[in-house]
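In what follows, a single structure is set out as C-alpha cells and then discussed.
The values are calculated or read from the model by the stated rules, or taken from the named source; none is laboratory data. Small disclaimer: the values here were computed from a predicted structure and weren't measured.
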Amino acid sequence: MLPLENVEDAIVAALANDASIKAFAKTVTSFQGELTRARAASVAIQLPAVLVGYAGGPTQTFGAWSFQSKTRWQVTVACENFRSASSPRKGTEKGAYDLIKDVLRVLSGQTLGLDIGELKPISVEPNDKEERTTVAEYFVVFETDINFDLSESDFCTAGETTPQTVADLETLTAEHSVLGSDGFLPVVTDTHEVGV
C-alpha cells in the first residue's frame, strides 16, 4: 500500500527543489485547510507560500482488499503585497500568477517516481474572500490514480494482537475533507461495502 504521506511528501519535495519556486517562495510545505493571516502566523508560514494538502477523491473497490482512488491534491499558492490590490497577482515582480505557472510546470504529467498515475491539473480557483485584499491566494488542484492493496493486518485496531478477518468486515468507512469552491469543507464520510 502506498501511504498518502509518501505522495504528499513527493509533491512537496518536487516543488521545494524547483529553482524558480525556491528562489521566490519563502515557505513550501504540507498544509491542510484554509490559510488565514492569523493561522499563517501561528504555524510560522511566511509568504509567498506554496502549501500542499490531500483533498480526498472518489474510490472504486476491486474486491475486498483492493481499491483505486482518484486522489486530489490541493496546492495553495499565496502571495502578499501591501502596495496595491493587483500587485500580488501580477506586475513587474514575481507574483501568484508566476507561482501558479511554476506549480503547473513542475507537477503536470508527473508520477514523481511513485507507483501512481500522472498528476493531472483539474482546476485553478482563486480564494475570493473579501478580507483577503492584500493576499492573493489560489487553489491549484491535481488528480492522480492511486491503487491501494490492503492486507488483513491493515485492519487491526489499537490494542488488537490479531487482525479482523474478511468475514468480520462489512464496510470500510473513510473520513476526509473535500475541496469546495471556498477551500476545504467539513469532514465528509464515505462508506464502501468490502465484505460478503
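For the range 76-122: of the residues being at pLDDT below 95 and part of a strand (DSSP E or B), which is farthest from G53 (Cα to Cα)? Checking each candidate, the answer is E80.
The rows are residues; the columns are (1) acidic (D, E); (2) at pLDDT 85 or above; (3) not in a helix (DSSP H, G or I).
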| position | (1), (2), (3) |
| --- | --- |
| V12 | no, yes, no |
| A23 | no, yes, no |
| L47 | no, no, yes |
| G56 | no, yes, yes |
| Q68 | no, no, yes |
